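First the structure, in the form of structure tokens, and then the observations on it.
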Amino acid sequence: MWPTRPDDRIEFALTAVRGETLLGFTLRTPASAPDESKAGHLRRRLNRLLFADLRYSYGQ
């Protein structure tokens, strides 16, 4: 996903809660943890990749 962090992995977790399903994701890396700026960039990129099409389908 990121050329500068080729060993990072994203793990997804689906959890059933009162008839609905929650999606969670965790970034796993064997390297050192990213600093706050890089972590923000990674979260933003994941958010766009995972949820942008869903938002667009509702006209947002």
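The values are calculated or read from the model by the stated rules, or taken from the named source; none is laboratory data. Fair warning: this is a prediction, and the values are worked out from it, not measured in the lab. Virtual Cβ from ideal backbone geometry, glycine too; neighbours counted across all protein chains shown. Side chains are part of the model used for accessible areas, which takes the heavy atoms of the whole protein and leaves out ligands, DNA and RNA. Shrake-Rupley method; radii C 1.70, N 1.55, O 1.52, S 1.80 Å.
Inside region 37-60, residues that are over 16 Å from MET1 (Cα atoms) and touching a residue at least 12 places away in the same chain (Cβ under 8 Å) make up a count of 0.
The C-beta contact set for region 14-36 (first residue without any contact (Cβ under 8 Å) to a residue 40 or more places away in the chain, second residue open to solvent by 100 Å² or more (accessible area, probe 1.4 Å) and of a type in the set (D, E, K, R), distance under 7 angstrom, 6+ apart or interchain) comprises ARG28/ARG9; THR29/ASP7; PRO30/ASP7; ALA31/ASP7. Take PHE12 and decide whether it is hydrophobic (A, V, I, L, M, F, W, C) and modelled with pLDDT of 90 or more. Against the criterion (hydrophobic (A, V, I, L, M, F, W, C) and modelled with pLDDT of 90 or more), PHE12 qualifies. Of all residues being among the aromatic types (Phe, Trp, Tyr) and assigned to a strand (DSSP E or B) in region 1-57, which is least open to solvent (accessible area, probe 1.4 Å)? Just the residue, please. The qualifying residue least open to solvent (accessible area, probe 1.4 Å) is PHE25.
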